[in-house]
Amino acid sequence: QVQLVESGGGLVQAGGSLRLSCVASGSIFSINTMGWYRQGPGNQRELVARVTRGGSTNYQDSVKGRFTISRDNAKNTVYLQMNSLKPEDTAVYYCNADLAIYPSLQEMDYWGKGTLVTVSS
């Protein structure tokens, strides 16, 4: 079994910062892309940022210049540094990983349960 566990969410004032972390654990053979998605009230889940194993990144336009995604391959961990937060960033943030597990080595998408980020104005 594989688990993705997020941490670091909370309540912050507009203009503040938070750092989210997500650790993948279990019978993992390899991890390809890791990313963060979010779902705000009444909205569909959307991509925030993702990073490949080699370190290539892409971001949603609304977070460019404010958020930074990074990963530690040795720790199976992905981070999201969020600066200059705005009330519209309020959402549940979900970790996602495209990974291969033992013994099948089949690649599949896995999701964490989410962590709530609330930005007050």
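The values are calculated or read from the model by the stated rules, or taken from the named source; none is laboratory data. All values derive from a computational prediction rather than experimental measurement. No Cβ is skipped: glycine too gets one built from the backbone with ideal geometry, and neighbour counts run over all protein chains shown. Ligands, DNA and RNA are stripped out before the accessible areas are found, and what is left, the full protein with its side chains, is counted by its heavy atoms. Shrake-Rupley method; radii C 1.70, N 1.55, O 1.52, S 1.80 Å.
Within the shell defined by Cβ-Cβ distances under 12 Å, the residues around T77 carry a net charge of +1, with Lys and Arg each +1 and Asp and Glu each -1.
The rule of thumb for compact globular proteins, 2.2 N^0.38 Å, goes into the C-alpha radius of gyration of the chain 1.04 times. Largest GNM mean-square fluctuation across N32, N43, N73, computed for the chain with C-alpha springs under 10 Å, falls on N43.
Residues in the chain average 53 Å² of solvent-accessible surface per residue, probe 1.4 Å, ligands and nucleic acids excluded. When only Cα pairs below 8 angstrom with a gap of at least 6 residues are kept, the range 49-121 shows a relative contact order of 23 percent. With all protein chains in place and a 1.4 Å probe, the accessible surface of the chain carries 47 percent carbon and sulfur. On full extension, the segment bounded by A100 and F29 gains 25.0 nm, given 0.36 nm per residue less the C-alpha separation.
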